[in-house]
Amino acid sequence: MNPLYNAGIALYRFGARLASMRIEKIAIMVKGQKAAFDYLSRTLNREHRYIWIHAASLGEFEQGRPLIEKIRSQYPDRKILLTFFSPSGYEVRKNYDKVDAVCYLPFDTVANARRFIDLVNPEMAIFVKYEFWGNYMQQLAKRNIPTYLISAIFRKSQSFFKPLGGTFRNILKCYTHIYVQDDNSRQLLAGININNVTVAGDTRFDRVTDIMKTTVELPQIAAFKASASHIMVVGSSWEADEAVYSQWLNNSPRFKAIIAPHEFDAHRLAQLQKAIPGSMLWSQIKERTEFDFSSVRCIIIDCFGLLASIYRYGDIAYIGGGFGAGIHNINEAAVYGMPIIFGPRFDKFKEACDLTSLGGAFSINSKEEFEQLMQSMSDEKITLSGNIARQYIEQNIGATDKIFADIFRRR
């Protein structure tokens, strides 16, 4: 890559090392990256070439997971290496049993990229959605290793489409083929002469459908639902979201809530319990066999891994993040056929844009707008909007099969 790109990566790495002295999450990432080469040397079977799949974080992993599991089921003898950049992906999925090795991806320096590709010697590389590491891509292209980008989505505001975006356009040229979510992305890429593109859709629709079929029953949540007229499930809630819905919830006997905060350290849990009197923690009830939830207004989920199963008990979903960097996964809720509500920062998410235009989802800008929306939520509107959300998911499944068939046809 050009000197300016490499200088940016060097500055990024230096900044991460400085930040690691005071931010635990970054310290975990830096330590994991340092250990990656030793792990690969000890773990990889040199008699095999690996299918290398890279996901930046947990969300991208879930997006790529249907393809990983399709490869595993169809080609059980092929070896798969999964890498992450973020601890939120690696620390949760480091023991994922559908792959043969899992590690962090070291920073994208020239030396790291060469050493990594030398060690792995992949038969192909698959990147999920938003990964554009120039030195890794250049090494893959130089060695004629087939390289794919799946479930990608592009916007005109991205660097690829700017007059000074030549470096990033060159990265895109390294991909053997790009599978995008929508035709707008295809057209944007065609405008910069990137034509090895297929509109295949988003594998997340396949993933949430798979999750729905395998969710576990939770008798405690079922009993809580039976104590309420309606249940609102709040997924990945932040403080800014709680400022929107907590007062309404306290004054709305028609609804009870199940809240899964994005973070659930002791301070955050204490904040939530103070904001919503009559709330209980999941850890306080998960072992119970008899339930009286008549006076309980809210259950707060203080663990990972339950949210996808909890959505099945909801009537309306509020998805957090829309007053911050962007909303979290709305498809996990939409697959159960319920209206979706979120804050104003959703424009980067195609499914959110689609559902708001169709009437299956609603964006609010303030506490007042949220309260007005909830006042309008008659049972008929809940049913109608929920059906729209469910049908949208059903109409968009199938991306995994398209991508899998095309990649392995090329082999």
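Among the residues of region 281-326, count how many are in contact with a Ser or Thr (Cβ under 8 Å, 6 or more places away or on another chain), assigned to a loop (DSSP other than H, G, I, E, B) and either under 24 Å from M377 (Cβ atoms) or among the polar types (S, T, N, Q) (or both).
7
Report whether or not T289 is at pLDDT 90 or above, more than 16 Å from S236 (Cα to Cα) and polar (S, T, N, Q). Walk me through how you get there before you give the answer.
Working: at pLDDT 90 or above: no; more than 16 Å from S236 (Cα to Cα): yes; polar (S, T, N, Q): yes.
No.
Examine region 241-256 for a residue that is touching a strand residue (DSSP E or B) at 6+ places or on another chain (Cβ under 8 Å) and in a strand (DSSP E or B), and state whether such a residue exists.
Within region 241-256 (the criterion being touching a strand residue (DSSP E or B) at 6+ places or on another chain (Cβ under 8 Å) and in a strand (DSSP E or B)), the answer is yes, since at least one residue qualifies.
Is there a residue in region 85-92 that is among the hydrophobic types (A, V, I, L, M, F, W, C), surrounded by 20 or more Cβ atoms within 10 Å (Cβ to Cβ) and modelled with pLDDT of 95 or more? Give the steps one after another, and end with the answer.
Within region 85-92, the first condition is being among the hydrophobic types (A, V, I, L, M, F, W, C), and the residues that meet it are 85, 92.
Imposing the further condition that a residue be surrounded by 20 or more Cβ atoms within 10 Å (Cβ to Cβ) reduces the set to 85.
Checking which are modelled with pLDDT of 95 or more leaves us with none.
Checked against the condition, which is being among the hydrophobic types (A, V, I, L, M, F, W, C), surrounded by 20 or more Cβ atoms within 10 Å (Cβ to Cβ) and modelled with pLDDT of 95 or more, region 85-92 yields no hits at all.
Starting from residues that are hydroxyl-bearing (S, T, Y) and within 27 Å of the chain's Cα centre (by Cα), keep the ones in region 245-293 and report whichever is nearest to E217 (Cα to Cα).
Step one: list which residues in region 245-293 are hydroxyl-bearing (S, T, Y), which gives 245-246, 252, 279, 283, 289.
Narrowing the set further to residues that are within 27 Å of the chain's Cα centre (by Cα) leaves 245-246, 283.
Numbers: Y245: 27, S246: 27, S283: 17 Å.
Applying the filter and picking the extreme gives S283.
For region 193-210, state whether one or more residues are free of Cβ contacts under 8 Å to residues at least 24 places away in the same chain, closer than 30 Å to E332 by Cβ and in contact with an Asp or Glu (Cβ under 7 Å, 6 or more places away or on another chain). Break it down into steps so the answer makes sense when it comes.
Let us first name the residues in region 193-210 that are free of Cβ contacts under 8 Å to residues at least 24 places away in the same chain, namely 193, 195-197, 199.
The next check asks that each one be closer than 30 Å to E332 by Cβ; those that pass are 197, 199.
The next check asks that each one be in contact with an Asp or Glu (Cβ under 7 Å, 6 or more places away or on another chain); those that pass are 199.
Looking for residues that are free of Cβ contacts under 8 Å to residues at least 24 places away in the same chain, closer than 30 Å to E332 by Cβ and in contact with an Asp or Glu (Cβ under 7 Å, 6 or more places away or on another chain), one finds at least one in region 193-210, hence yes.
Before we move on, is L119 crowded, with 16+ Cβ neighbours inside 10 Å and under 26 Å from K350 (Cβ atoms)?
Numbers: crowded, with 16+ Cβ neighbours inside 10 Å: yes; under 26 Å from K350 (Cβ atoms): no.
Criteria not met by L119.
Tell me which helices (runs of 4 or more DSSP H) are completely within region 1-77 and hold 2 or more residues being more than 22 Å from the chain's Cα centre (by Cα) and farther than 30 Å from K402 by Cβ, or say none if there are none.
Values: elements: 3-19, 24-43, 58-74.
Counting at least 2 such residues, we get 3-19, 24-43.
Starting from residues that are modelled with pLDDT of 95 or more and of a type in the set (F, W, Y), keep the ones in region 243-286 and report whichever is surrounded by the most Cβ atoms within 10 Å (Cβ to Cβ).
Y245
What single numbered condition from (1) of a type outside the set (D, E); (2) assigned to a loop (DSSP other than H, G, I, E, B); (3) on the phi < 0 side of the Ramachandran plot; (4) buried (at least 17 other Cβ atoms within 10 Å of the Cβ) fails to hold for G201?
Of everything listed in (1) of a type outside the set (D, E); (2) assigned to a loop (DSSP other than H, G, I, E, B); (3) on the phi < 0 side of the Ramachandran plot; (4) buried (at least 17 other Cβ atoms within 10 Å of the Cβ), G201 misses just condition (3).
Can you pull out the residues in region 210-243 that are farther than 24 Å from T383 by Cβ and either under 21 Å from the mean Cα position of the chain (by Cα) or β-branched (V, I, T) (or both)? Outline the logic, then answer.
Taking region 210-243 and keeping what is farther than 24 Å from T383 by Cβ, we get 210, 214, 216, 219-220, 236-243.
Residues satisfying the conditions are D210, T214, V216, S236, S237, W238, E239, A240, D241.
Which strands (runs of 3 or more DSSP E) does region 96-164 wholly contain that include 1 or more residues that are in contact with a strand residue (DSSP E or B) (Cβ under 7 Å, 6 or more places away or on another chain), of a type in the set (A, V, I, L, M, F, W, C) and farther than 17 Å from L189 by Cα?
On the way: elements: 101-104, 124-128, 147-152.
Per the criteria, 101-104, 124-128.
Failed condition for T214, given (1) hydroxyl-bearing (S, T, Y); (2) over 30 Å from I301 (Cβ atoms); (3) without any contact (Cβ under 8 Å) to a residue 24 or more places away in the chain, with all others met?
T214 satisfies all of (1) hydroxyl-bearing (S, T, Y); (2) over 30 Å from I301 (Cβ atoms); (3) without any contact (Cβ under 8 Å) to a residue 24 or more places away in the chain except (2).
Cβ-Cβ under 7 Å, sequence separation 6+ or interchain: first residue in region 228-247 and outside the structural domain of H328 (by TED's automatic domain parsing), partner of a type in the set (K, R) and surrounded by fewer than 23 Cβ atoms within 10 Å (Cβ to Cβ). Which pairs?
Going by the 7 Å Cβ cut-off, there are no qualifying pairs.
The values are calculated or read from the model by the stated rules, or taken from the named source; none is laboratory data. Owing to the predicted nature of the structure, the values given are computational and were not obtained by experimental measurement. All Cβ positions, glycine included, derive from the backbone under ideal geometry; neighbour counts span all protein chains shown.
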